[in-house]
Amino acid sequence: MSADYLNGLFGLEGKVALVAGASSGIGAEFARALARAGADVVLGARRVDRIQKLADDIAQETGQRTLAVKMDVTDMDSVEAAFNEATAKLGTPSIVCNNAGLARPNWALEDTDEDWDVTMDTNLKGMWRVAKAAASQMIEQGLKGSIINTASILGLGVAPQQLTYATSKAAVVQMTKSMAIEWQRFGVRVNAICPGYFVTEINDTFLASELGQRLLKQSPAKRAGELPELVPAMLMLASPASSFTTGVALPVDGAHSVRLI
């Protein structure tokens, strides 16, 4: 009976999920977890060769349908084409993990126009493009759903050499809240996960540096997070268990953001 109760709350059977930025790190972990929870999964990224292999591996492991689609979040035409392909081949995604992002650590006085523009176009405007396309399809199809934006604890507090990244992620938190209040009437929930430091391709060089190691040692957990530790929060926000939860920016960080704030 307990298994049925938990499956009723957190199970994703019959759902189609799309992960933007699925080729590595958090996105790849989320794609695998969504399939394990029962969803059919669309993996979107610029590097289709990488996500095709991952999609094949996930399908073989879980038995769920998977689809790899080319998606460049800096191009609205590419984003809309990816959603259209997903809908045509698997069905309209009602769970969307909005995860594409990058970081260019630098001292504030050394940031360039290009650093600023590239970071904002991917981390902020890219998430806006994906969320807009996702919500438009859900609303058009009369589907209730969940959009989960990957923000960061650096959207809640700051650290050295993170001006552009922290600014972009703070904006993602505010964008999440704005979308939540506008789209709640359609049954489309929008939340953000704010990971602490997890080792991925976006930050492995920084975390291996002297400054990165010092920051980890100063954190309450005194370590980086393990990617599976992000999954339960994502699944909760994706699932029927969070049907009345929207507009939340949820830290998953071993209390790191408490110290930052």
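The values are calculated or read from the model by the stated rules, or taken from the named source; none is laboratory data. These figures come from a predicted structure and were not determined experimentally. Virtual Cβ from ideal backbone geometry, glycine too; neighbours counted across all protein chains shown.
Checked against (1) over 16 Å from Ala20 (Cα atoms); (2) part of a helix (DSSP H, G or I); (3) in contact with a helix residue (DSSP H, G or I) (Cβ under 8 Å, 6 or more places away or on another chain), Arg104 passes all but condition (2). Pairing each residue of region 189-205 that is closer than 15 Å to Ala233 by Cβ with any residue that is among the charged types (D, E, K, R) and part of a loop (DSSP other than H, G, I, E, B), provided the two are 6+ apart or on different chains, yields C-beta distances under 6 Å for Gly196/Asp253.
Of all residues assigned to region 37-47, none qualifies as being surrounded by fewer than 16 Cβ atoms within 10 Å (Cβ to Cβ) and over 19 Å from the mean Cα position of the chain (by Cα).
On the basis of being at pLDDT 95 or above, in contact with a Ser or Thr (Cβ under 9 Å, 6 or more places away or on another chain), crowded, with 17+ Cβ neighbours inside 10 Å and part of a helix (DSSP H, G or I), does Ala33 make the cut? Considered against the rule, which asks whether it is at pLDDT 95 or above, in contact with a Ser or Thr (Cβ under 9 Å, 6 or more places away or on another chain), crowded, with 17+ Cβ neighbours inside 10 Å and part of a helix (DSSP H, G or I), Ala33 comes out as no. The listed residues are Ala68, Ala86, and the only one of them that is of a type outside the set (Val, Ile, Thr), more than 27 Å from Gln161 (Cβ to Cβ) and assigned to a helix (DSSP H, G or I) turns out to be Ala86. Just one residue in the set Pro93, Pro105 is at negative phi and surrounded by 23 or more Cβ atoms within 10 Å (Cβ to Cβ); that residue is Pro93.
Residues in region 225-247 that are among the small types (Gly, Ala, Ser) and either in contact with an Asp or Glu (Cβ under 8 Å, 6 or more places away or on another chain) or at negative phi (or both) were compared, and the one that is surrounded by the most Cβ atoms within 10 Å (Cβ to Cβ) is Ala238. Restricting region 125-156 to residues that are surrounded by fewer than 19 Cβ atoms within 10 Å (Cβ to Cβ) and either among the aliphatic types (A, V, I, L, M) or touching a Lys or Arg at 6+ places or on another chain (Cβ under 9 Å) (or both), the residue that is nearest to Leu230 (Cα to Cα) is Lys144.
For region 216-232, filtered to residues that are part of a helix (DSSP H, G or I) and at pLDDT 90 or above, the residue that is farthest from Gln162 (Cα to Cα) is Pro232. Cβ-Cβ contacts under 7 Å between residues 6 or more apart (or on different chains), taken from a first residue in region 209-227 that is under 18 Å from Ile193 (Cβ atoms) to a second residue that is among the acidic types (Asp, Glu) and not in a loop (DSSP other than H, G, I, E, B), are listed as Leu227/Glu29. On inspection, Asn123 passes the criterion of being within 24 Å of Leu237 (Cα to Cα), part of a helix (DSSP H, G or I), touching a residue at least 12 places away in the same chain (Cβ under 8 Å) and of a type in the set (S, T, N, Q). Summed over region 1-30, residues that are part of a helix (DSSP H, G or I), more than 16 Å from the chain's Cα centre (by Cα) and either closer than 28 Å to Tyr197 by Cα or modelled with pLDDT of 95 or more (or both) total 1. For region 157-173, the candidate set comprises residues that are farther than 25 Å from Leu43 by Cα and in contact (Cβ under 8 Å) with a residue 60 or more places away in the chain; within that set, the residue that is surrounded by the most Cβ atoms within 10 Å (Cβ to Cβ) is Thr164. Among residues of region 169-215 being part of a helix (DSSP H, G or I) and of a type in the set (S, T, N, Q), the one that is farthest from the chain's Cα centre (by Cα) is Gln213. For region 32-53, a tally of residues being in contact (Cβ under 8 Å) with a residue 12 or more places away in the chain and either in contact with a Cys (Cβ under 8 Å, 6 or more places away or on another chain) or more than 22 Å from Ser239 (Cβ to Cβ) (or both) returns 8. Looking at Ile147, Ile153, which is the one that is within 20 Å of Ala108 (Cα to Cα) and under 15 Å from the mean Cα position of the chain (by Cα)? Criteria check complete, one pass: Ile153.
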